[in-house]
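Following: one structure in structure tokens, then a few remarks.
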Amino acid sequence: MPDMRFAPPNPLRIADRATGLNAVSVRSYNERLVLSLLLQNQSVTRLEIGERTGLSAQTVSVLVRSLEQEGLVAKGEAQKGRVGPPTVPISLNPEGAFSVGISVGNRQTDVVLIDFIGAVRFHATLPNPEPGAGSNHSEFLDTIRNAVSMLPATARARLAGVGLALPQSVSKGRDEEPYFQALQEEIEATLGISVFVQNDITSAASGESMFGVAKQLTDYMFFYLGARLHGRLVLNHQIHAGNSPISFDVGIASLEKVLSEHGEPLEPLWERAGQWPDYGGLVSAWEEQLIEQLRQSLAAVSQFVELETVVLSSYAPKSVCEDICRKLQDTVPGVRAIAGTLTPSPKAVGAASLPYSSRFMVE
């Protein structure tokens with residue numbers, strides 16, 4: 001039975017199952033260092049790589065040349081400066097690697113395929129799995145096959161793996177864990193693709209850190225707004241779940257309950273990257289409760305660490321998240337609140353980042 005691989009906060013665990021990317025997956029520490037730098041920056045020059053890593057110019061040249069030959073990085077257009085020879089920026093090659101992310105949500109499951117810079121190439125929404133009789137394993141496997149089939153045949157060997165983001169109860173080994181253990185085994189056995197498993201909120205935080213608004217942030221409080229409100233503390237780029245991860249019943253499920261009592265349409269609340277109807281004051285009242293809970297959470301954290309930035313990630317409409325962030329900044333002076341940018345499913349994109357973390361990044 002294969003082991004359950006978790007990343008982050010253990011991003012260096014390498015899959016032990018043979019896949020098409022194994023030839024370029026067990027990277028040296030210095031190669032991981034360069035790739036990690038490129039994952040956090042749109043492009044850098046060889047000189048900047050040397051300055052930020054402490055590697056010699058010769059070592060950087062050898063590393064970049066090797067990564068370029070393997071298709072993981074690409075050169076940009078030469079840029080002529082005021083003095084000296086032109087500089088050539090280096091960036092990740094979007095076609096260098098691909099990854100599938102699966103996120104099991106409150107009511108449905110999202111599946112995405114992303115490239116090496118986090119752009120979504122495929123997205124599908126499935127009904128949640130049904131453990132036991134009537135299981136939809138085959139639908140999951142077919143959806144993953146469909147995602148992979150979006151790639152040219154020559155690129156399918158560059159699939160880094162499948163990330164599986166699970167709710168807290170499952171990732172802690174309760175409830176439906178046997179079902180997802182079986183799903184992981186079936187993906188690996190049937191499709192020959194390594195599976196990396198992590199808690200769904202930690203995965204969303206990882207996704208925003210690798211591909212979203214938190215790329216350049218070091219210390220911040222991460223909140224995910226789904227059926228409930230969840231939080232993670234991020235210090236020095238490390239995601240901390242703690243023994244009792246923050247979770248409050250002031251999320252979209254609580255808004256749904258209020259809207260249901262007033263006979264309002266509920267389906268739009270759970271659509272990915274959709275827009276909500278004008279619910280008027282009902283949403284405003286819900287936002288007030290949500291913001292108060294955010295304020296209390298920040299006050300509790302501030303007793304131990306001083307934070308200036310909050311990241312709010314969600315599949316809710318961007319306008320809703322930005323409105324919440326503006327109101328939170330008004331409520332808590334000195335705190336900058338930023339709406340996440342991952343769409344259509346932050347948790348699924350975050351799940352897809354897990355194979356990249358394990359194969360290509362350093363802690």
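The values are calculated or read from the model by the stated rules, or taken from the named source; none is laboratory data. The shown structure was predicted, so the numbers you read here are calculated from the model rather than taken from an experiment. Cβ sites come from the backbone with ideal geometry, for glycine too, and all protein chains shown count toward neighbours. Heavy atoms of the whole protein, side chains included, go into the accessibility calculation; ligands, DNA and RNA do not. Shrake-Rupley method; radii C 1.70, N 1.55, O 1.52, S 1.80 Å.
Residue by residue, the stretch 48-60 carries 3J(HN,Hα) couplings of 5, 4, x, 5, 8, 10, x, 7, 5, 4, 5, 4, 4 Hz when phi is fed to the Karplus relation 6.51 cos²θ - 1.76 cosθ + 1.60 (θ = phi - 60°); x denotes Gly or Pro. For VAL213, the amide hydrogen comes within under 5 Å of the amide hydrogens of THR341, LEU342, counting only partners 5 or more places away or on other chains and with H modelled in the peptide plane. The accessible surface of the stretch 234-350, taken with every protein chain in place and a 1.4 Å probe, is 48 percent carbon and sulfur. Taking a straight Cα-Cα cut-off under 28 Å and skipping sequence neighbours fewer than 8 places away in the same chain, the lysines within cross-link reach of LYS75 are LYS215. Highest mean packing comes first when the peptides 206-214, 349-357, 281-289 are listed by Cβ atoms within 10 Å, giving 349-357, 206-214, 281-289. Ligands, DNA and RNA aside, TYR224 has an accessible area near 10 Å² when probed at 1.4 Å. Here the Karplus curve 6.51 cos²θ - 1.76 cosθ + 1.60, taken at θ = phi - 60°, turns the phi angles of the stretch 151-167 into couplings of 7, x, 4, 6, 9, 5, 6, 9, 7, 6, x, 10, x, 10, 9, 10, x Hz, with x standing for Gly and Pro. Could you estimate the translational diffusion coefficient of the stretch 276-363 from the Stokes-Einstein equation, with Rh from the Kirkwood formula over C-alpha pairs, at 20 °C and 1.002 mPa s, in whole µm²/s? Result for D is 144 µm²/s. Across the stretch 178-243, Cα-Cα pairs more than 15 Å apart make up 60 percent of the total. Summary of packing: across the peptides 217-223, 256-262, the per-residue average of other C-beta atoms within 10 Å ranks them, highest first, as 217-223, 256-262. Under 5 Å from the amide H of ILE338 lie the amide H atoms of VAL310, VAL311, LEU312, each residue being 5 or more positions distant or on a separate chain, with H modelled from the backbone and absent for Pro and chain starts. Among ARG359, ARG272, the sequence by solvent-accessible area, most first, with a 1.4 Å probe is ARG272, ARG359.
With all protein chains in place and ligands, DNA and RNA left out, the 1.4 Å accessible area ranks GLU306, GLU139 as GLU306, GLU139, largest first.
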